[in-house]
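The values are calculated or read from the model by the stated rules, or taken from the named source; none is laboratory data. As the structure is a computational prediction, the values presented were derived from the model and not from experiment. Positions of Cβ are generated from backbone atoms using ideal geometry, with glycine treated the same way; all protein chains shown enter the neighbour counts.
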């Protein structure tokens, strides 16, 4: 379904741009130089359409948030499309002059590459405004390069197929003659949509988002002191020997939005490693230290595209998955959006143990995930 939606968005955007260009050509003085008008219109429409589609398909359950988020990316996409499309159209008209002996197919190829690169630039640059993955600089640079190169490559393929279509126009049915351009731009939109459906697929990177139990409060130190969380002088390691604050081992883990932080607070997402094993409990050496839990309540085993929860056989009854207490000691394969609840050995009220909840993600699909 994701692939079909991307293809539909690409084709629809290309046709909207082409029709808008035809309307402006009829009302302008550039009828003898159509590329000057068509290229910017198609580039703007494709860039805006692909960027909008990526934002809304990545956050399908929050349309209001997407509408607020989409404003700046649309302006950037439209600006890039207008700038690069206008440059491409102007250069194409110069290279089409009879005094410059450059074959027309090569000129059109360069123009289409420019259109594709404008879409790739727009998608790569605006991605940071709607994905928390963009907080990872390495991932952000990788995504930018991939978007630019993939879009340019798709444009080369589309332009090549378009030229083959033009060469075979004499054998085309009468009903299709004269509409090579909309067919060609539709092909460009189709290939760009197909390309982005692959390059923009949700990253399979596991994370735990902190929920109930991690609300911000005054930190309570073991010696009776308190702190508002602003002091950095809280000891070494996880800090479990100094105060009772849920923390992560920064040597192995990091938060998606703040790589320097180590205290777990509600709403923060802990980026998990691609492979390996992390421990959860109240022992000072736990990878995820949570006060009040058993010293070692569970392990998370991270494999390629799979995460297993290994409960401690002695404390498996203190763990819930999606609100249901574990009934056995066997490892549990975790899926996207699973709710993990850990009951402490302390009481938060009369006969009510304090709980800590995480939401497990195995891909950064939702901008707020």
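Table for the structure above
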read-out: Options 250, 205: the member that is modelled with pLDDT of 80 or more, in a loop (DSSP other than H, G, I, E, B) and within 34 Å of the chain's Cα centre (by Cα); value: 250
read-out: Verdict on residue 102 being touching a helix residue (DSSP H, G or I) at 6+ places or on another chain (Cβ under 6 Å), in the same structural domain as residue 167 (by TED's automatic domain parsing) and part of a loop (DSSP other than H, G, I, E, B); value: yes
read-out: Pair list, Cβ under 7 Å, 6 or more apart: segment 237-254 residue over 21 Å from residue 342 (Cα atoms) and outside the structural domain of residue 292 (by TED's automatic domain parsing), other residue at pLDDT below 90 and in a loop (DSSP other than H, G, I, E, B); value: none
read-out: Checklist (1) at pLDDT 90 or above; (2) over 21 Å from residue 195 (Cβ atoms) applied to residue 74, failing item; value: (2)
read-out: Residue satisfying condition, being more than 30 Å from residue 115 (Cβ to Cβ) and modelled with pLDDT under 65, within set 220, 174; value: 220
read-out: Only one of 57, 87, 44 that is farther than 19 Å from residue 197 by Cα, surrounded by fewer than 22 Cβ atoms within 10 Å (Cβ to Cβ) and touching a helix residue (DSSP H, G or I) at 6+ places or on another chain (Cβ under 8 Å); value: 87
read-out: Residue under evaluation residue 77, criteria (1) surrounded by fewer than 22 Cβ atoms within 10 Å (Cβ to Cβ); (2) within 26 Å of the chain's Cα centre (by Cα); (3) free of Cβ contacts under 8 Å to residues at least 60 places away in the same chain, criterion not met; value: (1)
read-out: Verdict on residue 257 being at pLDDT below 90, touching a helix residue (DSSP H, G or I) at 6+ places or on another chain (Cβ under 9 Å), surrounded by fewer than 17 Cβ atoms within 10 Å (Cβ to Cβ) and not in a strand (DSSP E or B); value: yes
